[in-house]
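Student: Shown below is the structure under consideration.
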Amino acid sequence: AGGAEAASRLVSRLSVFTHATSLGGVESLASEPRTTSHRHLSASQRAAMGVRDGFVRLSIGLESVDDLLADLAHALEA
(Lines give C-alpha, C1' and ligand atoms only; values in the text may rest on other atoms or scores of the structure.)
Protein backbone atom coordinates (compact mmCIF):
# COMPACT_ATOMS: atom_id res chain seq x y z
CA ALA A 1 0.00 0.00 0.00
CA GLY A 2 1.20 3.50 -0.72
CA GLY A 3 3.01 2.75 -3.97
CA ALA A 4 6.39 4.11 -4.95
CA GLU A 5 6.40 6.90 -2.36
CA ALA A 6 5.79 4.46 0.51
CA ALA A 7 8.46 2.08 -0.79
CA SER A 8 11.01 4.90 -0.96
CA ARG A 9 10.15 6.03 2.58
CA LEU A 10 10.53 2.47 3.90
CA VAL A 11 13.92 1.95 2.26
CA SER A 12 15.18 5.33 3.47
CA ARG A 13 14.31 4.43 7.08
CA LEU A 14 16.28 1.17 7.15
CA SER A 15 19.61 1.24 8.96
CA VAL A 16 20.80 -2.39 9.06
CA PHE A 17 19.85 -3.08 5.43
CA THR A 18 22.00 -1.34 2.81
CA HIS A 19 20.06 0.43 0.04
CA ALA A 20 21.68 -1.19 -2.99
CA THR A 21 21.00 -3.77 -5.68
CA SER A 22 23.98 -6.10 -5.27
CA LEU A 23 27.39 -5.54 -3.80
CA GLY A 24 28.52 -9.15 -4.18
CA GLY A 25 28.94 -9.39 -0.42
CA VAL A 26 27.19 -10.88 2.56
CA GLU A 27 25.27 -7.84 3.82
CA SER A 28 21.49 -7.53 3.74
CA LEU A 29 20.20 -5.29 0.97
CA ALA A 30 16.99 -3.44 0.18
CA SER A 31 16.13 -2.14 -3.27
CA GLU A 32 13.17 -0.92 -5.28
CA PRO A 33 12.79 -2.87 -8.54
CA ARG A 34 11.20 0.19 -10.23
CA THR A 35 14.53 2.04 -9.89
CA THR A 36 16.92 -0.90 -10.23
CA SER A 37 16.30 -4.27 -11.91
CA HIS A 38 13.15 -3.17 -13.78
CA ARG A 39 13.95 0.51 -14.41
CA HIS A 40 14.14 -0.03 -18.17
CA LEU A 41 10.41 -0.91 -18.24
CA SER A 42 7.50 1.51 -18.11
CA ALA A 43 5.13 1.48 -15.12
CA SER A 44 2.48 -0.28 -17.22
CA GLN A 45 4.96 -2.92 -18.38
CA ARG A 46 6.06 -3.54 -14.79
CA ALA A 47 2.44 -3.76 -13.64
CA ALA A 48 1.66 -6.29 -16.38
CA MET A 49 4.53 -8.42 -15.03
CA GLY A 50 3.24 -8.07 -11.47
CA VAL A 51 6.07 -5.74 -10.40
CA ARG A 52 4.22 -2.86 -8.77
CA ASP A 53 5.86 0.47 -7.99
CA GLY A 54 5.50 -0.11 -4.24
CA PHE A 55 7.58 -3.29 -4.18
CA VAL A 56 10.73 -3.49 -2.06
CA ARG A 57 13.14 -6.35 -2.64
CA LEU A 58 15.05 -7.67 0.36
CA SER A 59 18.16 -9.82 0.09
CA ILE A 60 19.05 -11.30 3.46
CA GLY A 61 22.69 -11.45 4.50
CA LEU A 62 24.55 -12.62 7.57
CA GLU A 63 23.39 -10.05 10.11
CA SER A 64 21.50 -11.09 13.21
CA VAL A 65 17.90 -12.08 12.44
CA ASP A 66 16.78 -10.06 15.45
CA ASP A 67 18.57 -6.95 14.15
CA LEU A 68 17.03 -7.34 10.69
CA LEU A 69 13.52 -7.85 12.07
CA ALA A 70 13.91 -4.87 14.40
CA ASP A 71 15.14 -2.72 11.50
CA LEU A 72 12.14 -3.68 9.36
CA ALA A 73 9.70 -3.17 12.22
CA HIS A 74 11.13 0.29 12.95
CA ALA A 75 11.01 1.30 9.27
CA LEU A 76 7.42 0.10 8.90
CA GLU A 77 6.24 1.85 12.07
CA ALA A 78 7.89 5.19 11.26
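Student: In the chain, how does Rg compare with the Kirkwood Rh, expressed as the Rg/Rh ratio over alpha carbon atoms?
Tutor: 0.99
Student: If I fit a long axis through the Cα atoms of helix 3-13 and take the longest principal axis of the Cα atoms of the chain, what angle between them do I get, 0 to 90°, rounded to 10?
Tutor: 20
Student: Counting heavy atoms of the protein chains only and a 1.4 Å probe, report the per residue accessible area for the chain as a whole number of Å².
Tutor: 63
Student: Helix 65-77 versus the longest principal axis of the chain: what is the Cα-based angle in degrees, 0 to 90, to the nearest 10?
Tutor: The angle comes out near 50 degrees.
Student: Still on this model: Using only DSSP helix segments of four residues or longer, with each worth -39500 (n - 2.57), what per-residue ellipticity at 222 nm results for the chain after dividing by its residue count and rounding to 500?
Tutor: -11500 deg cm²/dmol
Student: How do Glu27, Glu5, Glu32 stack up against each other in accessible area, from largest to smallest, with a 1.4 angstrom probe?
Tutor: Glu5, Glu27, Glu32
Student: Which residue, Leu29, Leu41, Leu58, tops the fluctuation ranking in a GNM of the chain built on C-alpha contacts under 10 Å?
Tutor: The residue that fluctuates most here is Leu41.
The values are calculated or read from the model by the stated rules, or taken from the named source; none is laboratory data. This is a predicted model, so every value here is computed, not measured. What goes into the accessible areas is simple: the full protein's heavy atoms, side chains included, and nothing from ligands, DNA or RNA. Shrake-Rupley method; radii C 1.70, N 1.55, O 1.52, S 1.80 Å.
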